[in-house]
Amino acid sequence: MVIQPRIRGFICTNAHPIGCAENVRQQIAYVKSEPHMNIGPKRVLVIGCSTGYGLASRIVSAFSSDAKTIGVCFEKEPTEKKTGTAGWYNTAAFHAEAEKAGLYYHTINGDAFSDEIKAETIAKIKEDLGQVDLVVYSLASPKRKDPVTGEVYSSTLKPIGQSYTTKTYDTDKDLVHEISLEPANEDEIAQTVKVMGGEDWERWIEQLHAAGVLAEGCQTTAYTYIGKKLTWPIYGHATIGKAKEDLDRAAAALRRGYKDIKLKAWVSSLKALVTQASSAIPVMPLYISLIYRVMKEEGTHEGCIEQIYRLFTEDLYVEVPEIDDHNRLRVDSWETNDKTQAKVEALWDQITQENFHQLADYAGYHSDFLRLFGFGIDGVDYAADVDPVVHW
Ligand code: NAD
């Protein structure tokens, strides 16, 4: 089939197998062009391993530190008639490259929030790796089924306390407009914390530890976004921010709770980037288009792979990492520093429908969005007939 992007709202409903594979290869090539890690992880579990920051974490572990990796993700397999999800193709490509490099890999496709998938993962670690020395928690999901009660919780993206009116950019209609977001109620806040907070991360660590598959000195990290003034009303100080605060609580509990194995638990703050998760958040596409422009001008623009490579080499695997006053690891300072933010704020005030394409890096945003699904990548023939069915 000839596969062209099918965009619906903030999501692309298909993906290109060859483009996705090329994307993965480019990330691997980046990592290989940087110095190999002297001290790094060797047996790694990545929960949320198929796209965005989790995929980058798996690639850095494998190709910069020769780690054996087990990944967990939730992706759709392709059929003759319908393409798979990008994460499916990314994983297939990761497997192919790991195979060529002689690296161990295994991926479990299923609901990471469930105890069944946790048990399956633990069994595989026992069988093939014995233990793991790094657990990356990189899930982004709108829903979570509680494994104990069976109740399904949904996250919401709303401000807290008062309604908030701001500019946003509708990627589908190419339209800058105002939106007013009503504040979340207590239930919506609690549900968002249930989905994107630290409870499931703690459950993973609890079960991995109980099974004896966490090595002594094991590290674990979950990812957060802190941002600054422009994004606080809809992110940092909003429902999703509450969930992210809960990660800080969970990290502290993990540090206290697993002293027997000297577990190091971190929340790592990363920069805003176009991923499937962030493109669904109101305001973020506009903010990201502006921060891309400013950071590209400043020469500090990075993608997932560059961010994660720095996180591993400058924070996770150094003797004494620098932490902020909430014990977090930070690789987002090139975005969140006052000078850079002041430039974004100045642009933000000027943005209108008419000048959006001139003032913001719309082209950069759009091309990164398409790349997530394997489209718009140099060297890929998008007119060619390709087989959507790719197996792992
Ligand atoms: P993403 O959408 O690219 O990746 C999400 C991953 O989670 C995928 O591998 C997907 O398969 C997996 N997943 C989702 N639901 C699952 C389930 N039920 N079971 C198993 N796997 C499941 O998202 P991302 O942007 O890379 O986000 C990862 C983390 O990084 C999140 O915690 C996010 O808040 C954080 N973060 C993102 C940004 C950003 O700008 N994108 C910035 C800072 C931090």
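A short reminder: the numbers here are calculations on the coordinates, not readings from a lab. Since we're looking at a predicted model, the values are computed, not measured. Using ideal geometry, Cβ is built from the backbone for each residue, glycine included, and neighbour counts are taken over all protein chains shown.
If I take every Cα pair under 8 Å that is 6 or more residues apart in region 7-372, average their sequence separation and divide by the length, what percent do I get for the relative contact order? List each step's numbers first, then the result.
Working: 665 pairs, mean separation 61.2, N = 366.
That works out to 17 percent.
Measure out, as a whole number of angstrom, how far apart the alpha-carbon centroids of region 250-287 and region 99-153 sit. If we compute the Cα centre of each part, the gap is 17 Å. Given their separation in residues at 0.36 nm each and the Cα-Cα distance between them, Thr13 and Leu175 gain 56.2 nm when the chain is fully extended. The calculated FRET efficiency for Asp115 paired with Glu297, based on their beta-carbon distance and R0 = 41 Å, is about 0.25. Calculated mean residue ellipticity, 222 nm, the chain: -12000 deg cm²/dmol, from DSSP H runs (n ≥ 4) at -39500 (n - 2.57) each, averaged per residue and rounded to 500.
Close amide-amide hydrogen proximity is noted between Leu134 and Arg43, Leu45, Gln219, each under 5 Å apart and 5 or more residues distant or on a separate chain (H modeled in the peptide plane; Pro and chain starts excluded).
Among the trypsin sites (Lys or Arg not before Pro) in region 138-236, those placed in a DSSP loop whose Cβ has at most 10 other Cβ atoms within 10 Å are Lys173. Can you tell me which of Ala253, Ala140, Ala346 moves the most in a GNM of the chain? Springs connect C-alpha atoms under 10 Å apart. Evaluated over the chain, the most mobile residue of the options is Ala346.
From least to most packed, judged by other beta carbons within 10 angstrom and beginning with the fewest, Thr13, Thr91, Thr156 follow the order Thr13, Thr156, Thr91.
Ordering Val294, Pro78, Gly197 by Cα displacement along the dipole of region 7-372 toward the positive end leaves Pro78 in first place; charges were set at the Cβ atoms of Lys, Arg (+1) and Asp, Glu (-1).
Would you kindly calculate the translational diffusion coefficient of the chain, applying Stokes-Einstein with the Kirkwood radius from alpha carbon pairs, for 37 °C and a viscosity of 0.692 mPa s, and quote it in µm² s⁻¹ without decimals? Could the numbers behind the result be given before it?
Details: Rh = 21.4 Å.
Translational D for this selection: 153 µm²/s.
Applying both filters, DSSP loop and at most 10 other Cβ atoms within 10 Å, to the trypsin sites (Lys or Arg not before Pro) of region 62-132 gives Lys81. Checking the cross-link pairs Lys229/Lys339; Lys118/Lys145; Lys242/Lys339; Lys118/Lys244 against a 20 Å limit on the alpha carbon distance flags Lys242/Lys339; Lys118/Lys244 as lying beyond it.
Can you give the FRET efficiency to the nearest 0.05 for Lys259 and Ala384, using r as the Cβ-Cβ distance and R₀ = 51 Å? Write out the running numbers ahead of the final one.
Details: r = 56 Å, r/R0 = 1.10.
In this case the efficiency is close to 0.35.
What shape does region 250-392 take by its C-alpha gyration tensor, where a ≥ b ≥ c are the square roots of the eigenvalues and a/c under 1.5 counts as rounded, a/b above b/c as prolate, and the rest as oblate? Walk me through the numbers before you get to the answer.
Values: a/c = 2.45, a/b = 1.31, b/c = 1.87.
Verdict is oblate for region 250-392.
By DSSP, what percent of the beta bridges with both residues in the chain are antiparallel, rounded to the nearest 5? Walk me through the numbers before you get to the answer.
Details: 12 of 39 bridges.
Roughly 30 percent of the DSSP beta bridges within the chain come out antiparallel.
Annotation: extensible slack from Ser33 through Ala96 equals 20.7 nm (criterion: 0.36 nm per residue apart, minus Cα-Cα distance).
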